[in-house]
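Please read the structure below before turning to the comments.
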Amino acid sequence: MAMVQPRSIRARKLGAHLALLGFASLVVFPLLLVISISFREGNFATGSLIPERFSLEHWALALGIPWERTDGTVVQPPFPVLLWLWNSIKVAMASSLMILALSTTSAYAFARMRFKGKAPILKGMLIFQMFPAVLSLVALYALFDRLGQLVPWLGLNTHGALILASLGAVALHIWTIKGYFESIDGSLEEAAMVDGASTWQAFYHILLPLSVPILMVVFILAFIMSIMEYPMASVLLLDEDKLTLAVGAQQYLADHNQRWGDFAAAAVLSGLPITLAFLLCQRWIAGGLTAGGVKG
Amino acid sequence: MFVTNASRGLPRHRSRHPAERYGRWALRTLTALLVLATLWLVVAFHLRGQWMFSLLFLVLGASLAIVFGKREWMSHRYIFPALAGMGVFVIFPLVYTIGISFSNYSSSNLLGEERVRAQFLDRTYQAEGQAFDFQLVREGNRTRLYLEAQGAVDPEGARQLVSLPLAQAVEGQPLAIEPTEAAPSGEALGMREVIARRDRLQRLTLVTPEGIELKMAGLRRFAPMLPRFEANPDGSLTDLREGILLTPDQETGFFVTEDGERLTPGWPVAVGLDNYTRIFTDPDIRGPFLQIFVWTFVFAGLTVVFTLAVGFVLATLLQWDQLKGKAIYRTLLILPYAVPAFISILIFKGMFNQNHGEINLILENLFGISPDWFTDPSTARTMLLIVNTWLGYPYMLLLCMGLIQSIPRDLYEASAVDGGGPLTNMMRITLPLILKPLTPLLIAAFAFNFNNFVLIALLTGGKPDILGASTPAGTTDLLVSYTYRIAFQDAGQQFGLAAAIATLIFLLVIGLSWLNLRLSKVKV
């Protein structure tokens with residue numbers, strides 16, 4: 001609390017509140033708009049923010065229930081949104097759990113052990129991670145095409161391929177977790193090892209329980225990254241019932257046939273859980289973003 | 001910081017706990033199984049002639065065996081899985097991409113030479129001579145083909161033939177047909193049913209008692225089909241219908257006629273630096289490439305500046321002790337970061353719609369203008385920057401808030417005593433103090449936006465297109481989306497050219513990351 005206070009403090013506070021409110025409404029406007037459109041009749045964007053003609057049609061269609069209009073026509077759900085959502089969650093769960101396992105064990109070795117080639121490997125991983133997956137898509141496509149001829153569940157158009165392909169993106173997570181491990185005093189594990197614990201036991205029983213918060217953060221970040229992954233899924237997945245939400249959702253807004261209302265309902269349905277999860281964990285995530293980074 | 005006993009070469013302690021001993025054996029068995037599985041892949045890929053993939057799994061299997069087999073590599077066991085993941089899914093694709101950039105791999109040169117040759121040898125043509133009209137005839141629950149010779153009577157063969165029931169046809173084997181005196185007694189099926197069974201009929205081969213093979217040559221006809229090409233011992237093909245010689249050209253990857261005409265499909269061959277020379281010399285590629293190159297830098301740079309400016313100002317406001325309700329503002333302001341990007345980008349795509357989007361509706365009512373967001377290059381670029389600032393500032397906001405918290409409060413006290421206002425505080429204390437730790441993160445953000453594929457793909461798709469470009473190139477394309485379009489959109493699928501651009505981008509990104517590591521002085 002500042003002890004010396006200028007006289008104009010009230011006016012300034014008011015100004016700050018107004019500025020923040022103005023900006024916040026600018027930010028929230030598109031999101032409110034989508035919620036409003038999802039409850040509105042028809043597939044157009046125009047109309048007032050509070051729906052004049054309220055309709056649950058888009059929501060029924062998004063949930064996969066055929067909808068009967070007042071004039072008797074029955075509208076079939078255009079896309080299997082729930083299936084896409086389930087695909088996304090399945091892929092994201094599996095890949096973020098695997099990423100977490102891989103990056104935690106590696107981060108442990110990098111934080112606590114001394115071995116040959118440690119510094120170059122760490123830096124090299126960071127450099128290679130900067131190369132976006134979009135650019136090696138041709139190669140990844142070829143890899144899974146060939147692999148699929150031998151191992152069918154790893155071929156093109158399988159979720160196995162998508163999960164496996166995400167395992168390359170571990171470098172940033174390793175750095176984050178490593179930064180956190182280094183902030184924990186190593187003498188705890190050394191004490192355990194003096195008492196006869198093996199390296200693995202010291203890691204599993206001493207260090208891991210102490211680092212649950214950062215592991216949560218990394219899991220959430222990996223999960224969100226995987227849910228939002230677009231380029232790889234768009235090339236590796238082909239059939240409509242295999243698509244993830246990120247790839248499927250854009251079919252609503254094809255150039256010539258924009259199903260704006262249907263999209264809005266599907267977007268709220270699928271985006272809301274992720275948004276809520278993120279907001280609940282925001283404090284941890286903010287900590288995680290800076291934890292592994294700057295120490296110099 | 002320690003070195004494990006095992007990697008020092010000290011004797012192993014024999015655990016008193018059976019669980020731990022069994023655990024070790026389980027680990028060994030798992031390793032052995034994994035090594036065997038990779039070896040199987042190595043052999044399988046080798047037998048298919050795909051030596052790149054065979055080599056990949058050989059390296060993977062061998063390193064797995066070494067790291068988990070020798071106790072000196074104990075510490076590396078912890079990092080092996082992550083390194084293997086990066087190796088297979090980041091570094092191998094990268095090397096493979098660089099390899100492709102020296103070849104003419106594309107949709108017209110896709111399959112291996114052997115597969116191309118086999119495709120040519122599979123081709124048939126309809127021989128001169130007898131053709132048959134056919135009818136599908138249903139007798140009870142059996143269907144037969146009834147054939148009637150067209151035109152003049154062939155002295156050798158029969159004029160009317162009937163096949164065995166179609167249900168007896170075995171996939172891949174010819175179905176016998178026999179001479180008959182008159183049409184079968186059953187009901188002749190119409191054209192609709194013929195079309196319904198077209199796929200099956202096309203796979204069918206009929207064989208007459210004389211041994212002539214007939215294949216479907218149209219919706220009404222069966223005719224003798226002959227193989228069109230014949231393989232010669234020296235690797236060339238003879239076109240039996242035209243009577244010309246086709247020689248494989250290993251320089252271009254096509255079979256060529258004596259006049260130099262190329263026949264598609266071809267196969268991939270090494271073309272050296274051709275793709276790179278094309279990028280830098282062909283004016284229809286160089287022009288768009290340079291334009292996209294510049295725009296990519298401008299886009300990434302401006303995005304970082306705008307998001308930082310918005311995020312920093314909001315962060316300083318939110319750090320003000322006197323302000324109430326900060327938690328609510330904070331939650332509202334990081335919403336764009338919390339909503340999945342693919343959803344918010346599509347929301348903006350709808351909002352910016354020229355004819356019935358909300359934004360043009362508001363602009364029309366307030367100022368009487370309605371910009372062409374998607375068809376005019378400069379407004380399309382403006383739109384991208386607006387949307388990306390909306391998407392990106394919360395990240396900067398979170399970073400700035402984290403960093404501002406570590407600035408000692410008494411600096412502001414001292415400033416207040418000396419009569420410094422909020423603006424002075426912001427420019428003289430806060431900004432200089434957080435800019436240094438922020439720099440590496442800004443470079444990372446620059447690199448991220450340099451490669452921001454999802455935004456472009458979902459919002460504009462690179463459009464409006466650059467006129468006169470010989471590859472698919474748009475005025476809002478970034479280098480990544482440009483590469484993606486060359487590789488996966490349109491009929492061309494020029495993987496070689498795309499790989500060459502990808503390699504150039506990789507060099508740029510390597511430079512950026514190296515700069516980042518130098519600036520942030522990362523200690524390992």
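Using all pairs of distinct alpha-carbon atoms, the Kirkwood hydrodynamic radius of chain B works out to 30.8 angstrom.
Spacing of the modelled spin labels on residue A:83 and residue A:208, each 7 Å from Cα toward Cβ, amounts to 3.7 nm.
Restriction of the GluC sites (Glu not before Pro) in region B:113-220 to DSSP coil positions whose beta-carbon has at most 13 other beta-carbons within 10 angstrom yields B:128, B:156, B:171, B:181, B:210. Highest mean first, the peptides B:400-410, B:498-508 sorted by other C-beta atoms within 10 Å per residue fall in the order B:498-508, B:400-410.
Neighbouring Cβ atoms from other chains, within 10 Å of the Cβ of residues in B:494-503, number 2 on average.
Pairs of lysines in chain A whose Cα atoms sit within less than 28 Å of one another amount to 9, provided the residues are eight or more positions apart or on different chains.
Excluding residue B:205 itself, what net charge comes from residues whose Cβ is under 11 Å from its Cβ, given Lys and Arg +1 and Asp and Glu -1? Walk me through the intermediate numbers first.
Values: positive: B:203, B:215; negative: B:171, B:213.
So the surrounding residues net to 0.
If the only charges are +1 at each Lys and Arg Cβ and -1 at each Asp and Glu Cβ, what is the size of the charge dipole of chain B around the Cα centre, to the nearest 20 debye? Please list the in-between numbers first.
Details: 44 positive and 42 negative charges, 739 e Å.
So the dipole magnitude of chain B works out to roughly 3560 debye.
What list of ³J(HN,Hα) values in whole Hz, one per residue of region B:269-279 in order, does the Karplus curve 6.51 cos²θ - 1.76 cosθ + 1.60 (θ = phi - 60°) give from phi, with Gly and Pro shown as x? With coefficients 6.51, -1.76 and 1.60, one gets 10, 6, 10, x, 8, 3, 4, 5, 5, 4, 4 Hz. Taking 7 Å steps out from each Cα toward its Cβ at residue B:230 and residue A:119 produces label points 7.1 nm apart.
Calculate the translational D of the protein assembly as shown in whole µm² s⁻¹ from Stokes-Einstein, where the hydrodynamic radius comes from the Kirkwood formula applied to all Cα pairs, the temperature is 25 °C and the viscosity 0.890 mPa s. Mind showing how you got there, number by number?
On the way: Rh = 31.5 Å.
For the chosen part, D equals 78 µm²/s.
Judged by the mean number of other Cβ atoms found within 10 Å, the most tightly packed of the peptides B:278-285, B:474-481, A:198-205, B:26-33 leads the ranking B:474-481, A:198-205, B:278-285, B:26-33.
Across region B:329-346, computed HN-Hα scalar couplings (Karplus, 6.51 cos²θ - 1.76 cosθ + 1.60, θ = phi - 60°) run 4, 4, 4, 5, 6, 8, 3, x, 7, 7, 6, x, 4, 5, 7, 5, 5, 5 Hz from first to last residue, x flagging Gly and Pro.
Let's test the formula: R0 of 35 Å, r as the Cβ-Cβ distance of residue B:164 and residue B:123. What FRET efficiency results, to the nearest 0.05? Intermediate values should be presented prior to the final figure.
Details: r = 28 Å, r/R0 = 0.79.
Efficiency for this residue pair is about 0.80.
Take every Cα-Cα pair in region B:379-467 and report what % of them are more than 21 Å apart. Please report the intermediate quantities before stating the final value.
Details: 1940 of 3916 pairs.
Cα-Cα pairs of region B:379-467 separated by over 21 Å account for 50 percent.
Taking beta carbons within 10 Å but only from partner chains, what does the mean come to for residues A:222-229? Kindly include the intermediate steps, with their values, before the conclusion.
Details: counts 0, 0, 4, 0, 0, 3, 5, 2.
For peptide A:222-229, the averaged partner shielding equals 2.
Peptide B:65-76: average number of partner chain Cβ atoms within 10 Å per residue? Walk me through the numbers on the way to the answer.
Numbers: counts 0, 0, 0, 0, 0, 0, 0, 2, 2, 4, 10, 8.
Whole-number average of other-chain Cβ neighbours for B:65-76 is 2.
Whole Å is fine, so just give me how far the alpha carbon centre of region B:415-463 lies from that of region B:295-360. Their Cα centres are 13 Å away from one another.
Can you tell me the order of B:76-83, B:465-472 when each peptide is scored by its average per-residue count of other Cβ atoms within 10 angstrom, highest first? Don't skip to the answer; put the middle values down first.
Numbers: B:76-83: 22.4, B:465-472: 16.4.
By packing density, highest mean first, the sequence is B:76-83, B:465-472.
Taking other residues whose beta carbon is less than 10 angstrom from the beta carbon of residue B:257, and scoring Lys, Arg as +1 and Asp, Glu as -1, yields -4. Taking +1 at the Cβ of each Lys and Arg and -1 at the Cβ of each Asp and Glu, which of B:429, A:284, B:478 sits farthest along the dipole of the protein assembly as shown towards its positive end, judged by Cα position relative to the Cα centre? Of the candidates, B:429 comes out farthest on the positive side.
With a sphere of radius 15 Å drawn around the Cβ of residue A:23, what net charge do the other residues whose Cβ falls strictly inside it have (Lys, Arg +1; Asp, Glu -1)?
On the way: positive: B:326, B:330; negative: none.
Residues near residue A:23 contribute +2 overall.
Laboratory data are not the source of any read-out in this text; all were calculated from the coordinates shown. The structure presented is a predicted model; accordingly, all values stated were derived computationally and were not measured. All Cβ positions, glycine included, derive from the backbone under ideal geometry; neighbour counts span all protein chains shown.
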